[in-house]
Amino acid sequence: MPDMHTFNILMDALYKEGKISSARAVLGQMVRVGEEPDVVTYNSIIASYCSQNQMEKAMEVFDLMVHKGCQLDSNTYTSLIHGWCKIKSINKAIYLLNEMINKGLNLDVVTWTALIDGFCKVGKPLLAKELFLTMHEFGQHPNLQTCGTILDGLFRCHLFSDAISLFREMENNLDLNIVIYCIVLDGMCHAGKLDDARELFSSLPGKGLKPNDYVYTIMIKGLCNEGLLLDAEELLMNMEEVGCLPNSCTYNVFVQGLLRRNDVPRSIKYLQIMRDKGFTGDATTTELLLDYFSAHKGDNAFQEFVQKIV
């Protein structure tokens, strides 16, 4: 007969796979054989509801734990805080945070990261930055996910100088991965700092980092947005030379850049390449094609081609 530990492992795995009904069946079987759910059991259920943004149901389980006298732990609160932050209910997250502190529970790096993300989501990135900078006072240090969260939040809220200043500090103190550089490159491109982005992109091999297709796509989009189509095309061709194959998103971004600059001959060329590789135009590419199609009804060759691929 499975014991409590086995039941909890099985339920946790099922919840993480999104197999809610199967997990509930296991929970029912567990109760039938006389095993009372413990904090680990309840935490799995709460985490599952939070991952699906079903926060009211998650709180019902939380209230049930309190009613049954089940000992709440840091994982219980962290899941709920993360869940409320995800749906921008920062006040509810802070209420639980205060409860957590009053109970003397440990705020780990996951809790801090969830709060930082929450403040960024509700448009309070400077408060998020303050949290980030004070973590160490509570015995916690940011991991790479925390770093990515705060940088992404600052860039999205158009606080470019704050983001870059923090990024430079991170570079001096942490071993950053390609994901962090993706966030920074994207932020630089969106802020119109293409020269800074190109310089950072060129420095990646020297840092022991190999640009992936996502990094290349960010740079190609940045170049296209500035009208530097020849540079974007050169980078696209360079991808294959270094063994990093462009994906559907890469081609779509480049074709969109061509269409926005009315470079029809090359857009047709690359749409054909896309089709030969089994890629299709995304919603934005299709919309741009149809717009051009409507505006140039006399261009029979283009109309013929568009009708084949749309």
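Read the figures in this text as sums done on the coordinates, not as results from a lab. As the structure is a prediction and not an experimental result, all values here were calculated from the model. For neighbour counting, all protein chains shown are included, and Cβ atoms are generated from backbone atoms with ideal geometry for every residue, glycine included.
For Ser74, the shell of other residues with beta-carbons less than 13 Å away shows a net charge of -2, using +1 for Lys and Arg and -1 for Asp and Glu. The Asn106 and Ala283 beta-carbon pair, evaluated with R₀ = 51 Å, returns a calculated FRET efficiency of approximately 0.70. For the chain, the longest principal axis of the C-alpha atoms and the axis of helix 4-16 are separated by about 30°.
Legend: distances between Cα atoms for Lys124/Lys193; Lys92/Lys210; Lys68/Lys88; Lys92/Lys207; Lys19/Lys68; pairs beyond 32 Å are Lys92/Lys210; Lys92/Lys207. Local charge for Ser48 was computed over the other residues whose Cβ lies under 11 Å away, with Lys and Arg +1 and Asp and Glu -1, and equals +2.
For Leu230 and Ile178, the FRET efficiency from 1/(1 + (r/R0)^6), where r spans their Cβ atoms and R0 equals 30 Å, is about 0.70.
Extension gain, Phe138 to Lys124, is 2.9 nm, computed as 0.36 nm per intervening residue step minus the present C-alpha separation.
Leu236 sits among other residues whose Cβ lies under 13 Å from its own Cβ, and their net charge, with Lys and Arg +1 and Asp and Glu -1, is -2. A viscosity of 0.692 mPa s and a temperature of 37 °C, combined with the Kirkwood radius over C-alpha pairs in the Stokes-Einstein formula, give the chain a diffusion coefficient of 143 µm²/s. For region 198-283, GluC sites (Glu not before Pro) are listed when DSSP marks them as loop and at most 15 other Cβ atoms sit within 10 Å of their Cβ; the list is Glu226.
Taking other Cβ atoms within 10 Å as a rough exposure proxy, Met100, Met237 sort from fewest to most as Met237, Met100. Where only DSSP H runs of four or more residues are counted, the chain gives -23000 deg cm²/dmol as its mean residue ellipticity at 222 nm, each run worth -39500 (n - 2.57). In this label model, His67 and Glu36 are separated by 1.6 nm, measuring between points 7 Å along each Cα→Cβ vector.
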